[in-house]
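This report refers to the structure that appears directly beneath it.
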Amino acid sequence: MATAKKFSYNSGSGKPLADLSRRQFIKFCGCVAAALGMPASMAPKIARAIEQGGRLPVVWLSFQGCTGCTESLLRSTHPTLEKLIFEIISLEYHETLNAGAGIQAEAALKETLNRDAGRFVLVAEGAIPLADKGVYVRINEQAGVDLLNEVAPKALAVIAIGSCASWGGIPSAGPNPTGAKSVGSILEGRPVVNIPGCPPNPYNFLSTVLYFATFGKLPELDAHNRPKFAYGRLIHENCERRPHFDAGRFAKAFGDDGHRKGFCLYKLGCKGPETFANCQVVKFGDVEASPISIGHPCFGCTESGVGFEKPMFQRADIQRFTPPAFYPHVFEPRGEGVTPLTAALGGVAFGGAIGAGYALTNRLFKATDGKEGADKPKGGGAHEDE
Amino acid sequence: MQKGATYSYEPSPGPLWNKAFAAALAIASTGALAILLRLFFGLGFSTNLNDGHPWGLWITWDVLVGTGLGCGGFGLALLVYALDKREFSSLMRPAILTGALGYSFAGFSVILDLGRYGNVYHLFMPSHWQFNSVLFEVALCIMAYTLILWIELVPAMLERKVILGYRIRPNILERWLYRLLFVVLALGMLLPIMHQSSLGSLLIIAGHKVHPLWQSILFPAYFLISAILMGYGAVVIECYLTSSLYGTPFEVRTLGRLSGIAAWLSLFYLFVRLEDLTFRGLWAEALEGWPGMLFVVENALYVAPIWIVANKERRNNAGWQFVAAILFIAASALYRFNTYWFAYNAHVPWRYFPSFLEILVVIGLIGMEVVLYLAAIHFFPILPASRPVLASSEK
Amino acid sequence: MRMNRRGFLQTLAIGGGALSAPSFANARQDKALSPGALGLLYDATKCVGCQACVIACKEVNGMPPEFSDPDHLWDAPLGLSASTRNVIALYKEGGRHSFVRQSCMHCVDPACVSACPVKALTKEPKTGVVHYDAGTCIGCRYCMVACPFNVPKFEWGSAYGKIVKCQLCDHLLAKGEKPGCSSACPTGAIQFGGVQKLLQEAHARLKAAPGAYYPKVYGEKEGGGTQVIFLSALPFEKLGLPDLPDVSSATLSETIMHTTYKGFGMPIFLFALFAFIARRNLQKGKEE
């Protein structure tokens, strides 16, 4: 991967970084470092990267999506959106956020593609429909898949934001009439960083972008191309309701006693035990909340094959089993005892042997009756002796 | 058995196919099916064996009781060849056949019981031999004795002259066999002493896991005596079973003498066993709880046949002999079940009762043994002839 | 013939005597602790029951979870098993309770090693780790019968199962690392080290806080000594650790075996005797 640091990002229309107070700026970089699982001492390094390297040009293409990812980004508060797009990155094209529209907007895109070819980051939002030659997404008389194929080769890195872009999301849910595919599957052979989530946590996106800007390489990815710093652990592992799970305290219906007491939502279908994401750590909307926090089971949006695929209230397949908060007794009785079936079979066999022995004994008693000690040939029953 | 034997033997009269044979064959086939299930799905699927009772019904019944019942040939060999009690020699062949079958099926069920039967050849590789292991001694010794038992049956097979259409020329083989017969016979007496006593020694290492009423340094002696008692019991039962099935003569007087010997032996056993308990000061425990009850029942089963045999009239009555034989076997079998199963406790409470398939395999193996026994006595001269005849006059 | 018979009975009596009451001239001694022996010190008074050792053991040894609840929610073994080599059990009585760790004790003179007929279980001469080799094992499960602590477990669920037991993470020891359980323990309740040092440490703890402990180091002498030793506030029998004599059961068993079979003397003697008598009687039968 080419290093991003070699390029200067002083082009574009954004305001200079100086508008953000130094204190606020370092604080933001600290947040990013924390999200990345790096020590706070990394914050100055990240800050330096942004200051020296200039702002990273970003082209944001929207495909088959609900724009929820953008909405999620709009609601991040540290930094706020305007600070983000004007001071930290240089957002060159975004259909929702563009100042201009129509021909003007398309011209801006063309200009960026020419000017920043090989230097900008492409962020793709939404799935790519392939059915019927991709007619289900058309932008500027161009099918979505064609637009992606035109822009992506010129990008320095591609980030698929949201579950739709990452693995198909809602549009790809059965029966998938539009033939929706993930961005990664269209751009085969080129690394695409997936930031799944419905919506994704904006900090996971920002952290990825700034990691890229700082170190000139993509963060470590998991098997599904998700940054490990954000998707390395199960929701279950960081869940605030976990002690209830370990102790076997479950909400069994919405509004029941256990639900009101904040018990574990596993039995309501919470997919935390099979969903890798940091929702329980980073939380959402800057109000320290996540779906699980407010009493709704996780539905596994970041996990291909779980979100939008498994029924909402079906129990999760636990990925990593751990001991509960209770213990076996030192003298725990185990093993299989007598069952009616085995007792019957054993009884029949034993009884049969006893019965046969009894019958034979009787016959022998009769045969030798009054003739003790006789060593004569004697048929036990109706046997012919020669 | 040998050329000069007083008794001669003949194949069982009547057709092979009778009700008993058909029933045994049906049971054997069911057992074969159960065995296939064990081989395909493993021990956990087919048995209730568990980590607290790693040895269950297959070991207690097939190996401990099975080889015990197969010790009739051994016990008789001691009498006939070591003590020169020629009158018992007519019982030899059936007893040896029972022994050969009992031991072979014990071996077969051990293979079924082995978790990694594919590695069983390691027992024959000197690099793997572990001379500290009692089980190693038992395994090799049992295999050797099984071989000896079959060799002891070779004369019976050779008498047949034609096997499966092939006319065999037994002269050379026969000559060598008779020349070395004393070696075979000596091994046939030595090996059971070794491994039957070692079946008891096996449990010494289990220490506290065997209830103190049973755990004893005298295990080898108890197991040896119980093996001989079971063997005698088996001889008596077998004689009456085959006699009444084929109408051949009862050997009441001979068997009466045998029962007398067995009674003396079990008297000796009881004396040592109770003395052992007194010595270790365990009488208080003897009557305590479930193990105490088992202990009382087990020893009452030894006392009962002694009482039967003590009376001369009863001793020479076929019915009483039969009851005494059953009691000798029951006592020794219960003793062996107690040591390996009922009084074996893995410290932590583990339940164990054999599973349906486990019992089915045991019943099926009995069926197979009966099938082979009936076939063997049908095709080969195993049973004593109806009238005592001199071998020379037959030829 | 009379002479013969009497002679035979006499020798049988002698043989029987030797068989059942071995002279302890041949008695072997308990094996001694190797100076480089490695082991664990489990201090039940320090254990908080977090079960981190259970998870760590499963992770480093690649063991599957084991369910005991109908919903299969937890890796909740009820004790040692083919998928659990290390487990924390709870003893509770009245107001008192204590955790206890169950795993292989790595006996100084292991009964399982003495019992195994094919050398599938071996004691590493230097570290004293009792090692199991599935490639050698025939699956007879005599080790399970022999072990006074019921440690070796069989893979019942498999069609061709093997024995499973703690091997003190010897694959980690080879890399110079500590066993998984002791690395994971957050309170130092499981301490890894040389057995001699651990014994010193255990006695030092007993001395420093005599009231806090049951006054004994379990495993110092029990069953001929173990390389995994225990400290506890409660009597050890309550924690499921059997009250064993100071002599290993392997010693008793092997003494009887080797007395009976020393140099194969007795079997050869009996064989010669039987052969002689059988031959004579066969000859006599022929003459008649």
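Each value in this text was obtained by applying a stated rule to the coordinates, not by laboratory testing. Since the model is a prediction, treat every value here as computed from it, not as a measurement. A quick note on method: Cβ atoms are made from the backbone with ideal geometry, for glycine too, and the neighbour counts reach across all protein chains shown.
Taken one residue at a time, the phi angles of segment A:151-165 give Karplus couplings (6.51, -1.76, 1.60, θ = phi - 60°) of 7, 4, x, 8, 7, 6, 8, 10, 10, 9, 9, x, 5, 5, 6 Hz. Gly and Pro are set to x.
Evaluated at q = 0.06, 0.10 Å⁻¹, the base-10 log of the normalised Debye intensity for the protein assembly as shown, with identical point scatterers placed on the Cα atoms, takes the values -0.64, -1.16.
Look at where the Cα atoms of segment A:131-179 and of segment C:143-204 average out, and the two centres are 54 Å apart. Projected over every direction and averaged, the convex hull enclosing the alpha-carbon atoms of chain A yields 36.4 nm². Taking every DSSP beta bridge that has both ends in segment A:4-230, the antiparallel portion is near 25%. Remark: mean inter-chain Cβ contacts per residue of B:349-361 equal 5, using a 10 Å Cβ-Cβ cutoff to other protein chain atoms. Distances between placed amide hydrogens fall under 5 Å for A:Lys181 paired with A:Ile128, A:Leu130, all partners being 5 or more residues away or on another chain.
Our coupling estimate for segment A:259-268, obtained by passing each phi through the Karplus curve with A = 6.51, B = -1.76, C = 1.60 and θ = phi - 60°, is 5, 5, 7, x, 6, 5, 9, 3, 6, 8 Hz, Gly and Pro reported as x. If you take the square roots of the eigenvalues of the alpha-carbon gyration tensor of segment A:131-209 and sort them as a ≥ b ≥ c, do you get rounded (a/c under 1.5), prolate (a/b over b/c) or oblate? Oblate, since a/c reaches 1.5 and b/c is not below a/b. Seen from a random direction on average, the alpha-carbon convex hull of segment B:1-125 projects onto 11.3 square nanometres. Sorting B:70-83, B:173-186 by their mean Cβ neighbour count within 10 Å, with the most densely packed peptide first, gives B:70-83, B:173-186. Rounded to the nearest 5, the antiparallel percentage of DSSP beta bridges internal to the protein assembly as shown is 55%. Per residue, chain B reaches -20500 deg cm²/dmol at 222 nm when only DSSP H runs of four or more residues are counted, each adding -39500 (n - 2.57).
Neighbours of B:Val362 by Cβ distance under 13 Å: Lys/Arg scored +1, Asp/Glu scored -1, total -3. Using only side-chain charges placed at the Cβ, +1 for Lys and Arg and -1 for Asp and Glu, the dipole size of segment A:233-324 relative to its Cα centre rounds to 260 debye. Pick from C:Met105, C:Met63, C:Met266 the residue whose mean-square fluctuation is largest in a GNM of chain C, springs joining Cα atoms under 10 Å. Answer for the Gaussian network model of chain C: C:Met266.
Cα centroids of segment A:204-263 and segment C:22-85: 33 Å apart. Computed on the Cα trace of segment C:38-248, the radius of gyration divided by the Kirkwood hydrodynamic radius gives Rg/Rh = 0.95. With pairing defined as another cysteine C-beta under 4.7 Å, the cysteines of chain C that fail it are C:Cys47, C:Cys50, C:Cys57, C:Cys107, C:Cys116, C:Cys137, C:Cys140, C:Cys147, C:Cys169, C:Cys185. In chain A, the DSSP-assigned H stretches of four residues or longer account for a calculated mean residue ellipticity at 222 nm of -9500 deg cm²/dmol, using -39500 (n - 2.57) per stretch and the full residue count as denominator. The Cβ shell under 13 Å around C:Met144 holds other residues with a net charge of +2, Lys and Arg each +1, Asp and Glu each -1.
Taking Cα atoms only, the orientation of helix A:22-35 departs from the longest principal axis of chain A by about 20 degrees.
The tail of the calculated P(r) for segment A:4-230, taken as Cα-Cα distances beyond 30 Å, holds 19 percent of the pairs. Counting only other chain Cβ atoms within 10 Å of each residue's Cβ, the peptide B:119-127 averages 4. Scanning chain C for DSSP H helices at least 18 Å long along the axis (C-alpha atoms) with a Kyte-Doolittle mean no lower than -1.0 picks out C:2-20, C:195-208, C:265-287.
Remark: segment A:190-240 is approximated by an ellipsoid whose semi-axes, taken from the C-alpha gyration tensor as √(5λ), come to 20, 12, 11 Å, largest first. Set against the 2.2 N^0.38 Å expectation for a compact globular protein, segment B:9-394 has a Cα radius of gyration ratio of 1.00. Couplings for segment A:60-69, taken from phi via the Karplus curve 6.51 cos²θ - 1.76 cosθ + 1.60 with θ = phi - 60°, read 10, 9, 9, 10, 7, x, 9, 6, x, 4 Hz in order; Gly and Pro are left as x. Between the Cα long axis of helix B:219-246 and the first principal axis of chain B there is an angle of about 40°, rounded to the nearest 10. Of C:Ala208, C:Ala174, C:Ala278, the residue with the greatest mean-square motion in the GNM of chain C, using alpha carbon springs below 10 Å, is C:Ala278. Rounded to a whole number of µm²/s, how large is the Stokes-Einstein D of segment A:233-324 at 10 °C and 1.306 mPa s, given Rh as the Kirkwood radius over C-alpha pairs? This corresponds to a translational diffusion coefficient of 122 µm²/s. Peptide packing for C:211-217, C:83-89 was compared via the average number of neighbouring C-beta atoms within 10 Å per residue; ordered from the highest value, the list is C:83-89, C:211-217. The residues A:Arg23, A:Arg48, when put in order of fewest to most other Cβ atoms within 10 Å, stand as A:Arg23, A:Arg48.
When the C-alpha to C-alpha distance is required to be over 21 Å, the pairs from C:Lys31/C:Lys123; A:Lys228/A:Lys252; C:Lys58/C:Lys92; C:Lys46/C:Lys207 that qualify are A:Lys228/A:Lys252; C:Lys58/C:Lys92. Of the residues C:Leu198, C:Leu206, C:Leu121, the one that moves most in a GNM of chain C with alpha-carbon contacts below 10 Å is C:Leu206. Structure note, pairs B:Lys209/C:Lys238; B:Lys85/C:Lys284; C:Lys153/C:Lys221: Cα-Cα distances above 19 angstrom occur for C:Lys153/C:Lys221.
Computed packing ranks the peptides A:201-208, C:106-113 as C:106-113, A:201-208, most packed first, by mean other Cβ atoms within 10 Å.
The mean count of C-beta atoms from other chains within 10 Å of the C-beta of residues in B:308-320, rounded to a whole number, is 4.
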